[in-house]
1. Yes or no: the range 302-319 includes at least one residue that is over 17 Å from Ser105 (Cα atoms) and in contact (Cβ under 8 Å) with a residue 24 or more places away in the chain.
2. Among the residues of the range 79-101, is there at least one that is among the β-branched types (Val, Ile, Thr), outside the structural domain of Tyr310 (by TED's automatic domain parsing), surrounded by fewer than 24 Cβ atoms within 10 Å (Cβ to Cβ) and out of contact with any Asp or Glu (no Cβ under 8 Å at 6 or more places or on another chain)?
3. So, Glu217, is that one at pLDDT 95 or above, part of a strand (DSSP E or B), outside the structural domain of Glu107 (by TED's automatic domain parsing) and not hydrophobic (A, V, I, L, M, F, W, C) or not?
4. With respect to Ser233, is the statement that it is surrounded by fewer than 15 Cβ atoms within 10 Å (Cβ to Cβ) and either part of a loop (DSSP other than H, G, I, E, B) or not assigned by TED's automatic domain parsing to the domain that holds Ala137 (or both) true?
5. Which ones in the range 49-102 are assigned to a loop (DSSP other than H, G, I, E, B) and touching a residue at least 40 places away in the same chain (Cβ under 8 Å)?
6. Please enumerate the residues belonging to the range 36-45 that are assigned to a loop (DSSP other than H, G, I, E, B) and crowded, with 24+ Cβ neighbours inside 10 Å.
7. Of these, Lys314, Lys289, Lys237, which one is among the basic types (Lys, Arg), at positive phi and out of contact with any Leu (no Cβ under 7 Å at 6 or more places or on another chain)?
8. Going by the conditions given, is Ile58 at pLDDT 95 or above, surrounded by 22 or more Cβ atoms within 10 Å (Cβ to Cβ) and closer than 16 Å to Lys305 by Cα?
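The values are calculated or read from the model by the stated rules, or taken from the named source; none is laboratory data. Remember, predicted model here, so these are calculated numbers, not experimental data. Glycine also receives a Cβ, built like all others from the backbone with ideal geometry; neighbour counts cover every protein chain displayed.
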Amino acid sequence: MKLDDSDYYKIREEAYSLGIGNTPLVRINHDGGAEIYAKLEYYNRFGSVKDRASFFMIRSMIIDGRLSKNKVIVEASSGNTGIAIANIASLFGIRAEIIIPAGSSKETKDAIRKSGQTLIEMEGDSAPGARISIDPAIALARSKILENPEKYVNLDQYSNPNNTLSHYYTTGPEITKAFNGDAPSHVVIGIGTGGTLTGLAKYFKSVSPDTKIIAVEPVPEHHIQGLKNLSVSNVPKLIEENRSLVDEWINVTDEMAIAEVRNLLHDNKLFVGLSSGASMAGARMVARKIGKGKIVTLFPDSAEKYRSVYLARKVFTEAEFNTGIRLLKAE
């Protein structure tokens, strides 16, 4: 069964009714250049941008009959998608097994366990801030499907078009609405599964062809949970099939992301994860380059589940981290 616009509009409205989507778009204070705005995706019900894609992937598979309560979702995730799938599957009474790299934060793993779903942790370096490789977890998920196709369903977030469509139908229109029908001059998005990047690219290229799409890619030896460097990781199918929609690629380092995480707390009272810092670093580079315009980026999640990583890597002191948590609770 192929879903059409009316199906996706219904999925969107159901997501909104459950507290997924319609996140705030805020202007970021920074030191010159074009205006920068950020969608605060940690306002989603389960705490990240991945709530959108996870809901669209699960709901569409229920509608077309590929997913039911007698199936088990098996998915590889470095964090946010795993949390979102685990919790959204629970809403529908569906079991899930989330396969996670050893290097993902302790708090991320605890959040998945708290959902009541099954967590499978890969072997490897689990020290706070360890380098994260998602590819072995993806391989394990695929092997489970091959061994028991009657039991397991894999959402395959890296190639599932509903990942892209979740942003085409929700995030993009929300940005346009926030700008009173106008479009940003530039959209700056970090590379993970490719869903956010390709969904916003497809949306804005259809409604505003002059909007530039900028992809933010971490350097090869990065330690930023949720992002991928395409030279050392398998290229997601969503990106491979839509490269032509991207106008520019920007590389950022861990140090750049960390600096922006600190800046965002001190200058904007926003307490965000490292992938948000990477996006902000990319947005700042574009702002300085173009001088005038409106740039939109996304902050995928807050810093709440990175206490162990931030303290180990000295991103913040314990007192600073606790201040950030108080700010989150006050929002």
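1. Checking the range 302-319: not a single residue is over 17 Å from Ser105 (Cα atoms) and in contact (Cβ under 8 Å) with a residue 24 or more places away in the chain.
2. So far as the range 79-101 goes, yes, one or more of its residues are among the β-branched types (Val, Ile, Thr), outside the structural domain of Tyr310 (by TED's automatic domain parsing), surrounded by fewer than 24 Cβ atoms within 10 Å (Cβ to Cβ) and out of contact with any Asp or Glu (no Cβ under 8 Å at 6 or more places or on another chain).
3. On the way: at pLDDT 95 or above: yes; part of a strand (DSSP E or B): yes; outside the structural domain of Glu107 (by TED's automatic domain parsing): yes; not hydrophobic (A, V, I, L, M, F, W, C): yes.
Yes: the conditions hold for Glu217.
4. Details: surrounded by fewer than 15 Cβ atoms within 10 Å (Cβ to Cβ): no; either part of a loop (DSSP other than H, G, I, E, B) or not assigned by TED's automatic domain parsing to the domain that holds Ala137 (or both): yes.
No, not satisfied.
5. First, pick out the residues of the range 49-102 that are assigned to a loop (DSSP other than H, G, I, E, B): 49, 64-71, 77-79, 92-94, 101-102.
Of everything in the range 49-102, those that are assigned to a loop (DSSP other than H, G, I, E, B) and touching a residue at least 40 places away in the same chain (Cβ under 8 Å) turn out to be Val49, Asp64, Gly65, Arg66, Leu67, Lys71, Ser77, Ser78, Gly79.
6. In the first step, residues of the range 36-45 are kept if they are assigned to a loop (DSSP other than H, G, I, E, B); the result is 44-45.
Hit for the range 36-45 is Asn44, nothing else.
7. Going through Lys314, Lys289, Lys237 in turn, just one is among the basic types (Lys, Arg), at positive phi and out of contact with any Leu (no Cβ under 7 Å at 6 or more places or on another chain): Lys314.
8. Numbers: at pLDDT 95 or above: yes; surrounded by 22 or more Cβ atoms within 10 Å (Cβ to Cβ): yes; closer than 16 Å to Lys305 by Cα: no.
Judged against the criteria, Ile58 is not a match.
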